[in-house]
Amino acid sequence: VNDMRQGKPGIVVRPQDDAADVETAKILKGIIRNIEDQSNADIAYATGGENAVKIGLGYMRVATEYVGEDSFDQEIFIRAVPNTFSVYLGPHHLPDGSDAEMAFVAEAMPVEKFKEQFPKARAGRDDFDGLDSEDLSFWRTDETVTVVECYWFERTRKTLHFLSDGTTTTADKYDGAQVVESRETFVSQLRWCKMSAVEELDSRELPGKYIPIVEVIGRESWLDGKRYLWGIVRPAKDSLRMYNYWASMITERMALAPRVPFIGAVGQFEGYEEQWKQANRKNFAYLQYKAIDVNGNAIPPPQRQGPTPVEAALLQERQVIE
């Protein structure tokens, strides 16, 4: 993640065919760089990359927003998606998700914000009574209303003509040159809507031929027709559990070391029992004992047992796991 933040990625424009030139590519690159700057796109790139590193999957979005409350002009922005699990991208195979045919983006909005943005929308608890308890917990809570953005393509079948002058056109727009060849094709229109569980809140047609959500993946594997993604955390879990186990064991050994007991003869602690009971927890200036045993013989003072050493094997095992 730190490498990604230091070596910041960026969009590059290169001319690729006879209809392109270097100067136009430079202009387009300048426009895109301005979009990245005003979007703080570094945040979106870093967020998508960090999620890919952690869990194997991240996203970023391309959005258009009005330049002001009193304007119809819009500007393009590259936005971060902090919550990976708020995005549902339809079936796809390309690593950036550009071949997806549909997508959903969910947002749990505070009720007051929802009412402010959609004053005519149904927002009361009773408006969602038709949902079962599991669905209701997703779409409506005491504090939030879930709003979902939907992207999909509407496809219209048309006949495409290749004309004698080298151009192509659809049958409904054909007028002029001789038709050399024809074939059936589809014309796609990207559509977008925003909805709650009970109604559509907004909808429009969007320009472009891609759903404006970019997927960022970590490690990918396919097994029995299913796609599996993972990041750096999943394969590290078992090692971390083992590390925590050995670290806890070493901590326990060290914590118990100063609590080793005193060993003395029967009757040596008589009269001073409370003081000796607290000897492992308090710092006494001195400890007294009875120097004569029950048989009247002089005996040495009680001795503290040596602490159990922390075995080198424990420390070595933790280092190996780390």
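The values are calculated or read from the model by the stated rules, or taken from the named source; none is laboratory data. What you see is a predicted model, and the numbers here were worked out from it, not measured in a lab. Here the Cβ positions follow ideal geometry from the backbone for every residue, glycine too, while neighbour counts run over all protein chains shown. Protein only, heavy atoms only, side chains kept; ligands, DNA and RNA dropped before computing areas. Shrake-Rupley method; radii C 1.70, N 1.55, O 1.52, S 1.80 Å.
Give me the distance between the Cα centres of the stretch 103-123 and the stretch 1-54, rounded to whole Å. A separation of 32 Å, based on Cα centres.
Per-atom-type breakdown for the chain gives carbon and sulfur 52% of the accessible area (1.4 Å probe, protein chains only). Charge tally for V87 (other residues, Cβ to Cβ under 10 Å; Lys, Arg +1; Asp, Glu -1): -1. On a per residue basis, the convex hull of the C-alpha atoms belonging to the chain measures out at 340 Å³. Could you tell me which of the pairs K8/K237; K29/K194; K115/K209; K29/K54; K158/K209 are separated by over 21 angstrom between their Cα atoms in the structure shown? Pairs exceeding the cut-off: K8/K237; K29/K194; K115/K209; K29/K54. Taking θ as phi - 60° and the Karplus parameters 6.51, -1.76 and 1.60, the scalar couplings of the stretch 105-112 work out to 10, 9, 9, 8, 8, x, 4, 5 Hz in sequence order, x denoting glycine and proline.
Whole-Hz Karplus values for the stretch 79-96 come out as 10, 7, 10, x, 9, 4, 7, 8, 10, 10, 9, x, x, 7, 10, 6, x, 9 Hz, taken residue by residue from phi with 6.51 cos²θ - 1.76 cosθ + 1.60 and θ = phi - 60°; glycine and proline positions read x.
Across the chain, the longest piece that holds none of the chymotrypsin sites (Phe, Trp or Tyr not before Pro) lying in DSSP loops with up to 13 other C-beta atoms within 10 Å covers 73-283. Annotation: lysines with alpha-carbon distance below 17 angstrom to K26 (same-chain offsets under eight excluded): none found.
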